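Notes follow the structure.
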Amino acid sequence: MEMTSNKRIEANTEKIWNALNDTEVLKASMPGCESFEATGENTFQAKIIAKVGPVKARFTFKVNLTDIDAPNGYTINGEGNGGAAGFARGSATVKLAEDDGATMLSYSVKANVGGKLAQLGGRLIDGAARKIADEFFGNFIEIVANGTQGPDQTVTTDSSASQEGVGLPTWVWIIGIVLAGAAVLFTFA
């Protein structure tokens, strides 16, 4: 499965980069995300409940970030296991670029699925992946624009909220992208 897309976000690149490196923002953006935590430098683990057609499972994802070029982008590599539902492996390249005071976020995802997920057929998996990615980005854009995660929760996306150095780059993106774009892949995603 391959998926590419661009999203224009009405915020500067620094704000988007910081939000992509904030585990609370990413967790709140990902549909079905139960947990999202750093396990080491540029490595993460997430637990997500996903449903693709008749297959519903809890996936555990291991993700690492490579080719980090703050604040311009990185590559997310990950694999997820959903037990009897199957597995997913993939990578996503995420790029940020200034666009007249806003930010153009581009991503390209490549993924493979196996087990029951693979038996569903590419059309169903692709549709589910796009739906999850759209939901992730819709949530992410709302959180960045409004600074909220939901009732009674506020997310700070300024530089003081980011980790030291590269910290927690948007691998969610992938579990955002790899979870969003790749979120489908692993559940995609």
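The values are calculated or read from the model by the stated rules, or taken from the named source; none is laboratory data. What you see is a predicted model, and the numbers here were worked out from it, not measured in a lab. Heads up, the Cβs are rebuilt from the backbone with ideal geometry, glycines too, and the neighbour counts pull from every protein chain shown. Just so you know, the surface numbers come from the protein's heavy atoms only, side chains and all, with ligands and any DNA or RNA stripped out. Shrake-Rupley method; radii C 1.70, N 1.55, O 1.52, S 1.80 Å.
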Can you check what the net charge comes to around residue 49, using other residues whose Cβ is under 11 Å from the Cβ of residue 49 (Lys, Arg +1; Asp, Glu -1)? +3
Extreme residue, positive dipole direction of region 59-145, given options 103, 88, 137 (C-beta unit charges): 88
State the percentage of accessible surface on region 23-89 attributable to carbon and sulfur atoms; use a 1.4 Å probe and exclude ligands, DNA and RNA. 43
Neighbour net charge for residue 31 - beta-carbon separation under 15 angstrom, K R +1, D E -1: +3
Expected output is a single nm value to one decimal: the length gained when fully extending between residue 119 and residue 37, i.e. 0.36 nm times separation in residues minus the C-alpha distance. What is it? 26.5 nm
Under 25 Å between alpha carbons, and skipping anything fewer than 8 positions from residue 51 in its own chain: which lysines qualify? 7, 27, 62, 110, 116, 131
If you average the alpha carbon positions of region 84-99 and of region 15-52, how far apart do those two centres end up, in angstrom? 12
